[in-house]
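I have placed the structure first, in the form of structure tokens, so that the comments after it can refer back to it.
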Protein chains: 2
Amino acid sequence: MVNKVKRLLIGRPMKSGAIEEEKLGKLKALAILSSDALSSVAYGTEQILLVLMAAGFAAIWYSVPISLAVLGLLTILILSYRQTIFSYPTGGGAYIVAKDNLGVSTGLIAGGSLLVDYILTVAVSSAAGTDAITSAFPQLHDHRVGISLIMIVFLTIMNLRGVTESASFLAIPVYLFVLSIFVLIVSGLIKLMIGGVHADVPEIGTAVSNISLFLLLKAFSSGCSALTGVEAVSNAIPNFRKPAERNAAATLLMMGIILGSMFLGISLLAYWYGITPNPKATVVSQIAESTFGRGILYFVIQGVTALILFLAANTAYSAFPLLAFMLAKDKFLPNMFKARGDRLVFSNGIIFLSIMSALLVIVFHGDTENLIPLYAVGVFIPFTLSQLGMMVRWFRIRPPHWGIRLVVNTVGMLTTLTITLIFIFTKFAQVWMVFVFLPIVIGMFYQISKHYRNTADQLRIDLHKDKPVIKGSTMVIPVAGITRAVMNSISYAKSLTDNVVAVYVGFEEEEIQKMEDKWEEWNPGVRLIVLRSRYRSVIKPLIKFIDTVEWKTAETDHITVLIPQFITKHWWQNLLHNQTSLVIRAYLFKQKDVVIATVPFHLNR
Amino acid sequence: MVNKVKRLLIGRPMKSGAIEEEKLGKLKALAILSSDALSSVAYGTEQILLVLMAAGFAAIWYSVPISLAVLGLLTILILSYRQTIFSYPTGGGAYIVAKDNLGVSTGLIAGGSLLVDYILTVAVSSAAGTDAITSAFPQLHDHRVGISLIMIVFLTIMNLRGVTESASFLAIPVYLFVLSIFVLIVSGLIKLMIGGVHADVPEIGTAVSNISLFLLLKAFSSGCSALTGVEAVSNAIPNFRKPAERNAAATLLMMGIILGSMFLGISLLAYWYGITPNPKATVVSQIAESTFGRGILYFVIQGVTALILFLAANTAYSAFPLLAFMLAKDKFLPNMFKARGDRLVFSNGIIFLSIMSALLVIVFHGDTENLIPLYAVGVFIPFTLSQLGMMVRWFRIRPPHWGIRLVVNTVGMLTTLTITLIFIFTKFAQVWMVFVFLPIVIGMFYQISKHYRNTADQLRIDLHKDKPVIKGSTMVIPVAGITRAVMNSISYAKSLTDNVVAVYVGFEEEEIQKMEDKWEEWNPGVRLIVLRSRYRSVIKPLIKFIDTVEWKTAETDHITVLIPQFITKHWWQNLLHNQTSLVIRAYLFKQKDVVIATVPFHLNR
């Protein structure tokens, strides 16, 4: 049953050899890796204007230079990530680059913040998608958490089905979004040129009395949240079709150009239209309304914007499992993140990401807006560390033209570092949590690593010196009566060794006498030892007896506790039997160095 | 830790021999077995008046003859249960009497309704106790479910501590209640005699225009709900000190006299004071206020009434585990109800009763008033069956004076049957559920019984013909690498038989080659079989391999699957290891007829 549902939801298992077919071409990669970055267009300009409005309407002209600065930063990031891709063709996420050049601890800082960040991405995006839906259908407002969770479940299933399949399916809304935003920008520009817009906007350069550097920096850093998601491509190189690094670099460039032109277009239109933030209508929707009126095109733009906000989560679904795999390979995360599932994706990473983000949605009742700054700072820390790593690398290996490459990364590092600091200073109330959870996550990484090292040390043998040795054998069979299950166990034990005792725990003299008589009558060729329990416990006298046996024979013998167990046909029938054997097993397993063998007796009625 | 908390809450374990000291004397027995019956005084008269008021104030004089009728019924019940006690000195609950004289199915009807009834008693009483508390402290009203649950937990702990201890502790409020009600009745009568009361009440015999037989019957049956709990003594004979039947009979008589005089006293005072039901003050509290004013005595009576309502639940805690024990002894309930816990009480019955009643409280949000009629009908069905059983018994064994005894039980049977029918006709909307759950419960009894019979048939052996036989042995060790745990397993297997194979499931040619080379280098004296898994599943190829082994050798050999398992020091470390061995074990255990042995390797770091 469970198996059938699984097949239906995620499809048939795939052979390991099929992995090359699951890799991504450029166009599909662009679709699933850029949805996070491109979705920023839906809110980036708005974030800038929101901050500027604190200084009054006259200040909105600053959005133009600030947007240009963000664009400049985007260019720097694209250039430096291109360098990273060619330097680390097998996968150049911030974790790898930082670990390789700045040491393991720095790598873990980068990796840890990215892991947490992807979880935040899913929570924030699914909440944003839900907001778009409940704006359209306000009667659903009470079911926000439920809708977000359904979205997460949907993304989980899509991603468990495999990379190419989800890419084919999810590419459509991404391309629709890009197309419709470009149509909007071009139409808006045409309308402006033919003089269809009559907005009275402050000229660029207008003096604004109460503007401060702090405010401008805050506006700039808010605009920079549009750049989250840019790192996704360099993390995902192993998912690209060969030649992976070339395809990845080309994809990154395409993404940069599309993102940059969309962001600049929307920012300029917003300025020329004189649009101000409005809690009831987003900047993009105001531009669309001014351009097209409330017609079909307006609603198309609203719809695809909602979709892309929701799909931004999908970028995390590509990046998180890969990063978890790399950390698990280095023994900083549990082994389970290394296993590929039926459809060749890292299923455990996908499922873990879903569970954690679902928990966030539930804990925050779907109000995840406050997490956005946290999420931005969580991206810019690894950005900075990755660039710093690249700088060290150029110094170390000094390839041809390393000077110019060093400059690119240095400029990138300084800019992202500055933005990180701006974030911390201007939004400390919302980002301080990063300084709590990062040390916890990194401490966890080291704990895990230590456990794996300890385990390996204890399990390791010397192939030449350590060989299996032959010892004697003692078998103990706890019996509760004379049954077919007991008979099978004795048959089994006597087939292996002559050293077998049966142990019976009795409460009352009468039943003990009866058992002893019956045993003698049966005479199975095995001695029966009777333990008297005055406190009506079966476990304690038995454990004490096994202790004695262990103390006497552990040196020379392997000790086996043989548990006759009948297995009922239906699960509910287990309620009808005292599960003493399970308790014995659990206790011995945890406490004793004895082999526990279960001799099954399957009831067929 | 768990053990320490357990000791603190329920005390040290007791030796089986101490059971005689745990038995009850008459006074303690009266306290814990009569709290259910005596608590009826708090609401019995009120129930009658509530029905009569439908015909107007003039009808309240009917409460006097109706109360006398209830008193008559009480006398009949006490007399017939006395006969039962002497006929069944080892315990004469309705289940035993009905089963013995009317057949198993009838016994199960009586037993089933009583079991369900005790659960209802606990739910209803804890809710009634909670209502008393929240009347005094209205700010606690939102925490009603929580308070009820705390009460149930308290009763559970008291009862798990053992019978005498709970009796000593719980006797105080019961005797306080009896004392204070008698003080109230006597003071009230004195006040009446010295002429301190001037109520204008309808004289007995006044014609009431709109009274109907239906209404009178309904009022009578409502009054009869005061008689629930009378059967508790005859169920609990095994809990009495020797001579058990004499002590039980004396206790029953005392209870009857106390209950009867209290009930009659309250009913007469209510009539003479001209008291009518009032949602804001109970009949007892109105009498107390009229007699004492709102002084200390008034509040004492309110307090002990609240306590006794809550303690009524405790009667169920005495009766339920004993009845469950008897049903389990007859294989109609799971074995676990037969075990005496650390304190010599039937702990599983106590815990089960608590869980079920807690669930009822939760499901009904603490509003369990609607369950009261259901609970009354659930008592009168076994009352009737038990009397009918006694009638059959007198016919069957015909002891001296059996005629008069037959008459007593016949009158009792007819009366309780009538009341059952009145309940069903006048309150069908509230009691129809009994016809749904009784068949379900009885069906369950038979299912359980059938399972035990089937199991016994399959496990039974002929002591003379069936003897253990010696067979060959094949051991299969699934290995994931070459570790100390694997070495221990091979040592163990080779110590028992020469027929050992190690099985390795590999995903990629490279790792398979590496494993094979290492194995050859190690040369542990055991053949390594490599299974290739193209779908990355460890379980499936392994199961297929074991199938093959089983098909080839099951006739001649015992097959053992030996699972090397390392046991981590802390539970959380288990998350760091793929629990493949557990999955293998669970699958084999359920599906295959092979012995599963776990060779432990305890990690100490």
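Looking at chain B only, what percent of DSSP beta bridges run antiparallel? Nearest 5 please. Intermediate values should be presented prior to the final figure.
Numbers: 1 of 26 bridges.
The answer is about 5 percent antiparallel.
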How far is it, in nm, from the label point at B:Lys15 to the one at A:Leu68 when both lie 7 Å from their Cα along the line to the Cβ? 9.7
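Using a probe of 1.4 angstrom, how much of the accessible area of chain B is carbon and sulfur, in percent? Walk me through the intermediate numbers first.
Working: 16740 of 25940 Å².
Carbon and sulfur together cover 65 percent of it.
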Which whole-number percent of Cα pairs in the range B:217-302 have a distance greater than 19 Å? 56
At R0 = 41 Å, FRET efficiency that the Cβ-Cβ distance of A:Asp200 and A:Phe299 yields, to 0.05: 0.90
Excluding ligands, DNA and RNA, what is the accessible area buried between chains B and A, summed over both sides, using a 1.4 Å probe, to the nearest 100 Å²? 7700
So, in nm and shortest first, the distances from B:Gly205 to its counterparts in the other copies, with label points 7 Å along Cα→Cβ, work out as 11.8
Using 7 Å Cα-to-Cβ label points, what is the A:Thr276/B:Ile190 separation (nm, one decimal)? 8.5
Using a label position 7 Å from Cα in the Cα→Cβ direction, what is the ascending list of nm distances from A:Phe437 to the same site in the other copies? 4.6
As I understand it, the dipole of the protein assembly as shown uses +1 on the Cβ of Lys and Arg and -1 on the Cβ of Asp and Glu, about the Cα centre. Which of A:Ser495, A:Gly274, B:Thr305 lies farthest toward its positive end? A:Ser495
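Counting only GluC sites (Glu not before Pro) that are in a DSSP loop and have at most 11 other C-beta atoms within 10 Å, tell me the longest site-free stretch of chain A. Spell out each step's value before the answer.
Values: sites that count: A:Glu203, A:Glu555.
The reported range is A:204-554.
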Spin-label point model (7 Å from Cα, Cβ direction): what's the A:Val469 to A:Gln447 distance in nm? 3.7
Given A:Lys331/B:Lys518; A:Lys450/B:Lys518; A:Lys427/A:Lys450; A:Lys471/A:Lys590; B:Lys99/B:Lys450; A:Lys518/B:Lys6, the pairs whose alpha carbons are separated by over 29 Å: A:Lys427/A:Lys450; A:Lys518/B:Lys6
May I ask you to report, in nm to one decimal and beginning with the shortest, the distances from A:Arg605 to the same position in the other copies, taking label points 7 Å along Cα-to-Cβ? 5.7
Quick calc, the range B:515-605, dipole around Cα centre from Cβ unit charges on Lys, Arg (+) and Asp, Glu (-), nearest 20 debye, gives 480
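Give the relative contact order (percent, whole number) for chain A; include only Cα pairs under 8 Å separated by 6+ residues.
Values: 838 pairs, mean separation 125.6, N = 605.
For chain A, the relative contact order is 21 percent.
Explain nothing, just the number: relative contact order of the range B:423-559, from Cα pairs under 8 Å at least 6 residues apart, as a whole percent.
On the way: 103 pairs, mean separation 32.7, N = 137.
Relative contact order here is 24 percent.
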At R0 = 45 Å the Cβ-Cβ FRET efficiency linking A:Asp142 and B:Ile440, nearest 0.05, sits at 0.75
Could you provide, to the nearest whole Å², the per residue accessible area of chain B with probe 1.4 Å? 43
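From the Cα trace of the protein assembly as shown, what convex hull volume per residue do you get, rounded to a whole Å³? Could you put the intermediate results ahead of the total?
Values: hull volume 286.5 nm³, N = 1210.
Enclosed volume per residue, from the Cα hull, is 237 Å³.
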Dipole size in debye (nearest 20) for chain A around its Cα centre, Lys and Arg Cβ +1, Asp and Glu Cβ -1? 1280
Give the cross-link partners of B:Lys467 among the aspartates and glutamates, using a straight C-alpha distance below 13 Å as the criterion and excluding same-chain residues fewer than 8 apart. A:Glu520, A:Glu521
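Would you mind calculating the gained length between B:Trp402 and B:Trp572 on full extension (0.36 nm times residue separation, minus the Cα-Cα distance), in nm to one decimal?
On the way: separation 170, 0.36 × 170 = 61.20 nm, distance 7.09 nm.
Result for the pair: 54.1 nm of gain on full extension.
The values are calculated or read from the model by the stated rules, or taken from the named source; none is laboratory data. Just so it is clear, the model here is predicted, and its values are computed rather than measured. As a convention, Cβ positions derive from the backbone with ideal geometry for all residues, glycine included, and neighbour counts pool all protein chains shown. For the accessible areas, the whole protein counts, side chains as well, though only heavy atoms, and no ligand, DNA or RNA atoms are used. Shrake-Rupley method; radii C 1.70, N 1.55, O 1.52, S 1.80 Å.
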